[in-house]
Structures are given as structure tokens and as C-alpha cells.
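Here, each number is a calculation from the coordinates, and none is a lab measurement. Nothing here was measured: the structure is a model prediction, and the numbers come from that model. Note that we place each Cβ from the backbone using ideal geometry, even for glycine, and neighbour counts take in every protein chain shown.
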Amino acid sequence: MGGSADTVAVRPLDAAAVTSPRASAAGSGGNAWLRGAKLLAAILLLPACLGFTQGFSAHFLHLGAKVRVQMLGWPVEVQWLGWGILAFTIFAALLWRPLMPYLFAHELVHALATWLCLGRVSNLRVSATGGQVTTSKSNTFIRLAPYFIPLYTLLAAGIFLALDAWWRPLGDYRWILAGVLGFTLAYHVAYTVWSLRRDQPDLRPDGWLFSIVVIYLGNLAVIAAVLGLTLSGSARGCGEHVAGVAALGWEQSGLVYRELYAMLERWLQK
């Protein structure tokens with residue numbers, strides 16, 4: 001795309017990432033005030049990370065759920081979700097570490113996010129040392145989307161919901177969906193954590209702390225959606241679970257902010 005293109009690259013290995021001069025300039029953070037504003041936003045959002053984590057726990061591990069688990073055990077679908085996570089762990093540890101499929105999904109999500117933002121994409125490349133995609137624009141969503149959008153998990157969920165809606169009801173086979181979701185979600189989380197431990201060009205423009213906060217909250221929402229779909233087997237049920245987590249997270253975040261404000265008042269009055 002010539003000089004107007006930005007390059008979004010992942011560098012999972014120690015090899016140098018391929019970036020254009022234009023992309024490097026964009027990655028320097030632009031105006032210092034914008035980077036400062038994002039850093040401040042990240043600091044202010046840290047209590048919200050705690051609040052939404054508490055909301056997630058309160059929604060899925062409420063008293064009724066705990067009583068049910070004590071009396072009847074975990075739901076079959078949750079058990080199969082756990083088996084899927086365990087299967088990926090064994091698969092990656094003993095058989096094969098699927099790096100290339102992860103890099104392909106990572107770069108493809110960059111491309112899909114760019115298209116959603118009405119941008120253009122070219123030069124999508126993946127190799128054993130990293131991946132790269134050239135886009136006509138770049139923003140926070142485009143840069144960070146692969147770190148909280150698990151492509152293979154979305155594909156598995158989409159196929160199940162499409163078959164359930166337009167072929168035949170698949171309620172009796174939700175355990176299969178749960179196992180696949182567990183496997184693919186563990187794949188996404190494991191390689192996301194693995195890649196974030198390296199020097200990722202995607203995180204530089206927005207700042208490390210802001211990027212981590214966005215990635216954490218995004219993954220929390222995705223995991224809530226996966227658990228909701230696992231438990232309900234429907235898009236509507238999934239949405240209801242996500243909405244429940246969001247409502248409780250908002251409530252818990254408010255409590256955290258109020259407690260911090262009260263602590264600050266007490267400290268200033270000393």
C-alpha cells in the first residue's frame with residue numbers, strides 16, 4: 001500500500017520484527033500527551049479490573065451454584081470444558097506446540113479488525129520467527145484485538161450455533177462443544193501469555209500498562225461468553241451470562257472506587 005500503510009507485527013520469538021519506517025513512527029506513540037492520557041486511563045481502570053473480576057466470580061460462583069456443585073457436582077458441560085483445557089495442556093506439553101496456527105490466527109485477527117474499521121489489508125505473512133500484516137490504518141482495536149479475540153474458539157462456537165439453528169438441535173451434544181471450547185480457549189490464553197512475555201510491537205503505541213488492561217478486560221469478557229455458551233448452549237443464554245457479569249462487574253467496580261475514595265479522604269484528613 002505504499003507509504004500510507006501501517007505494519008502490525010507480532011514478534012513471538014527473539015528474531016527482529018519486520019516493520020516499515022512509517023509503522024515505526026506510528027509505534028513511537030505519536031503525541032506525548034496521548035500516551036500520558038492512556039497511562040492515566042490505565043491506572044484509573046485498574047480498580048475496574050478488580051471489580052469486574054469480582055463480578056465474574058460472583059456471577060458464576062454464586063451461592064446457588066456452590067450448593068449445586070456440593071450436592072450434584074459440576075455440570076457435565078463444565079467438566080468437559082475442563083477436559084478440553086487439560087487435553088490442550090497435554091497435547092502442547094508432550095506432542096506438538098502449535099505455534100504456526102497461533103501466528104496465522106493472530107495476524108488474521110489483525111486483518112479482520114482492520115476490515116471492521118474499514119481499512120485495507122495486504123502482505124499477510126507468517127513464518128516460524130513471527131508474523132506480519134500491512135494495513136492502511138492502525139488503532140488500539142486493530143493492534144490489540146488478537147490478544148483477546150480467540151479466533152478458533154469463535155469458529156467452533158459459530159459452527160455449533162449455525163448447525164443448531166439451521167440443521168438440527170444439538171443440545172444433546174453440548175459436551176462436545178464444551179470440550180472444543182476448552183481446548184481452543186486454553187490454546188488462546190496460553191499463547192497470548194507466552195507472546196506477551198516477549199517484546200511485542202503491538203503494545204508499544206498504546207503503552208504497556210494500557211494495553212495489558214485492555215487485554216485483561218477483553219479476555220475476561222471472552223471467558224464469560226465461553227462459560228455462558230457452555231452452560232446454556234445458545235447465543236441468547238451466552239448473552240445473558242455476559243450481561244450478568246457486566247452488571248455485577250459494574251456494581252463491584254463502583255464499590256471498589258468508593259472504597260478507594262474513602263481511603264483517600266481518610267488519608268487526607270490525617
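Couple of notes before you dig in:
- Relative contact order for segment 44-159, counting Cα pairs under 8 Å that sit 6 or more residues apart, in percent: 18
- Answer label for volume of the Cα convex hull per residue in Å³ (calculated), chosen among (1) 118; (2) 135; (3) 170: (3)
- Under 11 Å, Cβ to Cβ, from L231 - net charge with Lys/Arg +1 and Asp/Glu -1: -1
- Going by neighbour counts of Cβ atoms within 10 Å, the residues S136, S195, S122 line up, fewest first, as S122, S136, S195.
- Under-5 Å amide H pairs with N139, H placed in peptide plane, nonlocal only: none
- Distance between the 7 Å Cα→Cβ label points at I90 and I43: 4.8 nm.
- Counted charge near R174, where neighbours are those whose Cβ lies closer than 14 Å (Asp, Glu -1; Lys, Arg +1): -2
- Stretch in the chain that is longest and holds no chymotrypsin sites (Phe, Trp or Tyr not before Pro) that DSSP places in a loop and that have at most 14 other beta carbons within 10 Å: 168-270
- For the chain, the membrane-span-like helices by this rule, meaning whole DSSP H stretches whose C-alpha atoms cover at least 18 Å of axis and whose Kyte-Doolittle mean is -0.5 or above, are 32-60, 76-90, 99-116, 151-166, 174-196, 208-232, 235-269; this says nothing about an actual membrane.
- Residues whose placed amide H lies under 5 Å from that of L124, excluding near-sequence neighbours: T134
- Under the criterion of Cα pairs below 8 Å and six or more residues apart, the relative contact order for the chain equals 36 percent.
- The distance separating the Cα centre of segment 66-118 from that of segment 137-172 comes to 12 Å.
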